[in-house]
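Shown next, in structure tokens, is the structure this report addresses.
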Amino acid sequence: MIPRVRIAHLPTPIEPLPRLSAALGDVRLWVKRDDQTGLGGGGNKTRKLEYVLAEAQANGARTLITVGAAQSNHCRQTAALAARFGLDCILVLSGDETQLYSGNLLLDRLFGAEVVWSAYANRDATLRTTFETAWERGRRPFLIPLGASTPTGTLGYVTAFEEFAAQGLEADWIVVASSSAGTQAGLVLGARRVGWNGKILGVSIDQPADELQPRVAELASQAADRLGDARRIAPVDVRVNDEYLGAGYGVLSPAEVDTLRLFARHEGLPLDPVYTVRAAAAMIDLIRRSFFTAGSRILFWHTGGTPALFADAYRDLLSQ
Ligand SMILES: *Cc1c(COP(=O)(O)O)cnc(C)c1O
């Protein structure tokens, strides 16, 4: 057994989206509520962190160090986890002191995390020096890479797929936002291991498919290794759509703003302004372009991130 801390509220529910389905036409939609995993506002990183924290504990960690965007959901969940387990937390975030403390960043501070700002281009170097300094000061740091997308963290989504399979929903497709690759990698491997015959579509948030596919495949294969499973996942086994990158990470397109409102006003369901909105807008566009065959049963895997809706940067756009 691979060690795991139990902290998430599991299983997360699967809910039908009847009003949204009717509005979109000939598809049936469900949502898997991984925005409700519980830890410090919830989201997909909680599942990965259950495994990563166990690894950190085995290493005698007293300080968790991780990295991300200023409005990183991963950093916010890591900060909450550190507080919950009495560890220190240092976040290396891209941006500078002029960032307003709103959304996830406000929660980071509330959870007691120390923030180290870095220009995006220097982030890896800043992360290394932050780690070395913490080590020299005897703080027993443990480094969690971007998005907790390590082979160990990926196991969180292998078990998430097993959880989904046990919930017994018959679906033809899963649509999920994909960025640091661990979520999709775990789902793809989990689907293989249980012999699921549906399809998983990762909607790329911030990179071309020919970069994301090999990343997902490699992580999935490494996670299989951790499980003593000889399966190998190849890039061709990984479906990624990169047609919705728009103006870049965190920049909402008009179609994405419409999608936020569509989910909110038909189902009372908030998406986040970076990840799930991009995946949902892609799904809706693909439905309208008849990418899915008529009558398809589609599960939208909600990966969380809703605290970012309260980031200052989105206030003017979303309050209209
Ligand atoms: C991190 C994140 C993702 C992407 O998951 P990866 O495992 O990094 O691909 C999707 N949605 C939300 C809300 C996230 O915070």
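Could you tell me whether any residue of region 282-301 is within 15 Å of Asn73 (Cα to Cα) and of a type in the set (Ser, Thr, Tyr)? Quick ask: steps written out before the conclusion?
Going residue by residue through region 282-301, those that are within 15 Å of Asn73 (Cα to Cα) are none.
No.
Can you tell me which residues in region 198-227 are closer than 27 Å to Phe292 by Cα and among the small types (Gly, Ala, Ser)?
Those that are closer than 27 Å to Phe292 by Cα and among the small types (Gly, Ala, Ser): Gly198, Gly202, Ser204, Ala209, Ala217, Ala220.
Counting just the residues of region 179-199 that are of a type in the set (A, V, I, L, M) and surrounded by 24 or more Cβ atoms within 10 Å (Cβ to Cβ), which one comes out nearest to the chain's Cα centre (by Cα)?
Ala181
For region 166-181, enumerate the residues that are near the ligand (Cβ under 7 Å from one of its atoms), of a type outside the set (A, V, I, L, M) and not in a strand (DSSP E or B).
The answer is Ser179, Ser180.
Conditions tested, residue by residue: (1) touching a His at 6+ places or on another chain (Cβ under 6 Å); (2) under 25 Å from Arg33 (Cβ atoms); (3) modelled with pLDDT of 95 or more; (4) not charged (D, E, K, R).
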{"position": "Val238", "(1), (2), (3), (4)": "no, yes, yes, yes"}
{"position": "Gly246", "(1), (2), (3), (4)": "no, no, yes, yes"}
{"position": "Glu256", "(1), (2), (3), (4)": "no, yes, yes, no"}
{"position": "Phe310", "(1), (2), (3), (4)": "no, yes, yes, yes"}
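Taking into account only those residues within region 30-47 that are in contact with a strand residue (DSSP E or B) (Cβ under 9 Å, 6 or more places away or on another chain) and in a helix (DSSP H, G or I), which is most open to solvent (accessible area, probe 1.4 Å)?
So the residue we want is Gln36.
For region 124-132, state whether one or more residues are of a type in the set (Phe, Trp, Tyr), in contact with a strand residue (DSSP E or B) (Cβ under 8 Å, 6 or more places away or on another chain) and touching a residue at least 12 places away in the same chain (Cβ under 8 Å).
yes
Restricting to region 200-219, give me the number of residues that are among the polar types (S, T, N, Q) and either out of contact with any helix residue (DSSP H, G or I) (no Cβ under 6 Å at 6 or more places or on another chain) or surrounded by fewer than 18 Cβ atoms within 10 Å (Cβ to Cβ) (or both).
The qualifying residues number 1.
Could you check Ala191 against (1) part of a helix (DSSP H, G or I); (2) more than 12 Å from the ligand (Cβ to nearest atom); (3) out of contact with any helix residue (DSSP H, G or I) (no Cβ under 7 Å at 6 or more places or on another chain); (4) not basic (Lys, Arg) and say which number it fails?
For Ala191, the exception is condition (3).
Might you check whether a residue that is in a helix (DSSP H, G or I), surrounded by 18 or more Cβ atoms within 10 Å (Cβ to Cβ) and at pLDDT 95 or above occurs anywhere in region 64-73? Before you say what the answer is, go through the steps one by one.
The initial filter retains those residues of region 64-73 that are in a helix (DSSP H, G or I), namely 73.
So of that shortlist, the ones also surrounded by 18 or more Cβ atoms within 10 Å (Cβ to Cβ) come out as 73.
Those still in the list that are at pLDDT 95 or above too: 73.
There is at least one residue in region 64-73 that is in a helix (DSSP H, G or I), surrounded by 18 or more Cβ atoms within 10 Å (Cβ to Cβ) and at pLDDT 95 or above.
Could you check how many residues of region 1-54 are among the aliphatic types (A, V, I, L, M), away from the ligand (no atom under 16 Å from the Cβ), over 21 Å from Gly268 (Cα atoms) and touching a helix residue (DSSP H, G or I) at 6+ places or on another chain (Cβ under 9 Å)?
So the answer is 6.
Is there any pair with a first residue in region 264-281 that is of a type in the set (Lys, Arg) and a second that is part of a loop (DSSP other than H, G, I, E, B) whose Cβ atoms are under 7 Å apart and which are 6 or more apart or on different chains, and what are they?
Arg278/Ile205; Arg278/Tyr244
Among (1) more than 26 Å from Glu50 (Cα to Cα); (2) not in a loop (DSSP other than H, G, I, E, B), which single condition is Gly202 missing?
Condition (1) is where Gly202 drops out.
Can you tell me which residues in region 258-312 are assigned to a helix (DSSP H, G or I), more than 11 Å from the ligand (Cβ to nearest atom), touching a strand residue (DSSP E or B) at 6+ places or on another chain (Cβ under 9 Å) and β-branched (Val, Ile, Thr)?
Matches in region 258-312: Ile287 only.
Based on this model, can you work out whether Ala83 counts as at pLDDT 95 or above, part of a helix (DSSP H, G or I) and either away from the ligand (no atom under 16 Å from the Cβ) or surrounded by fewer than 24 Cβ atoms within 10 Å (Cβ to Cβ) (or both)?
Numbers: at pLDDT 95 or above: yes; part of a helix (DSSP H, G or I): yes; either away from the ligand (no atom under 16 Å from the Cβ) or surrounded by fewer than 24 Cβ atoms within 10 Å (Cβ to Cβ) (or both): yes.
For Ala83, the condition - at pLDDT 95 or above, part of a helix (DSSP H, G or I) and either away from the ligand (no atom under 16 Å from the Cβ) or surrounded by fewer than 24 Cβ atoms within 10 Å (Cβ to Cβ) (or both) - is met.
Could you list all residues from region 134-152 that are away from the ligand (no atom under 12 Å from the Cβ), under 27 Å from Gly190 (Cα atoms) and open to solvent by 50 Å² or more (accessible area, probe 1.4 Å)?
Answer for region 134-152, where residues must be away from the ligand (no atom under 12 Å from the Cβ), under 27 Å from Gly190 (Cα atoms) and open to solvent by 50 Å² or more (accessible area, probe 1.4 Å): just Leu143.
Within region 116-156, how many residues are more than 18 Å from the chain's Cα centre (by Cα) and assigned to a helix (DSSP H, G or I)?
Total satisfying the criteria: 17.
Looking at this structure, is Asp206 more than 9 Å from the ligand (Cβ to nearest atom) and under 30 Å from Val92 (Cβ atoms)?
yes
The values are calculated or read from the model by the stated rules, or taken from the named source; none is laboratory data. Everything numeric here is computed off the predicted structure, so don't read it as measured data. Heads up, the Cβs are rebuilt from the backbone with ideal geometry, glycines too, and the neighbour counts pull from every protein chain shown. These accessible areas exclude ligands, DNA and RNA; they are computed on the full protein's heavy atoms, side chains included. Shrake-Rupley method; radii C 1.70, N 1.55, O 1.52, S 1.80 Å.
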